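We did not get these values from a lab; they are worked out from the coordinates using the rules stated. Everything numeric in this text was worked out from a predicted model, so none of it was measured. Don't worry about glycine lacking a Cβ; one is built from the backbone with ideal geometry, like all the others, and counts go over all protein chains shown.
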Amino acid sequence: MPRSLPRLAAIAIVAGAFSGLFGVGGGGIVVPLLVLWLGYEEREATGTSLAAIVIIAGAAVLVQGIGYGKVDVPKGILIGVPAVLGVVAGTAIQQRVPTRAISGIFAVVLLASAVSLVT
């Protein structure tokens, strides 16, 4: 068994828990842990996280929607469909910006989010 599998499992469990608790897990949890724990390059961590989000989000929607009736599907669609344009634009920009700058911008966004949540 490769040494990274237990770490990947830990990342998955943390991401799932954060998705269920806060509606986040991919960018805010998976990407930093893939970079820090497993030495992924920023772009590879982002792509891997996006692949995982498909599964995580599907499960979270089912649990939140079926289990608790807390999913507003029309608003989810209203947010999700235009977000596809943002994904295309963001990915194109990410491929052109130096990795160090991406990491710095990401750190600032996480820090600003944390400050905003506690104030």
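Below is a table of values for the structure above.
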| quantity | calculated |
| --- | --- |
| The chain: relative contact order in percent, alpha carbon pairs under 8 Å with at least 6 residues between | 19 |
| Cα Rg, Dmax (largest Cα-Cα span) when computed across the chain, Å | 15.4, 44 |
| Cα-centred dipole magnitude for the chain, charges only on beta-carbon of K, R (+1) and D, E (-1), debye, nearest 20 | 60 |
| Cα-based equivalent ellipsoid of the stretch 1-68: semi-axis lengths in Å, sorted from largest, via gyration tensor | 23, 12, 9 |
| DSSP-loop trypsin sites (Lys or Arg not before Pro) across the stretch 56-119, with at most 14 other Cβ within 10 angstrom | K70, R96 |
| Whole-Å distance, taken between Cα centres, linking the stretch 76-106 and the stretch 1-43 | 19 |
| Qualifying trypsin sites (Lys or Arg not before Pro) in the stretch 1-68, DSSP loop, other Cβ atoms within 10 Å at most 14 | R3 |
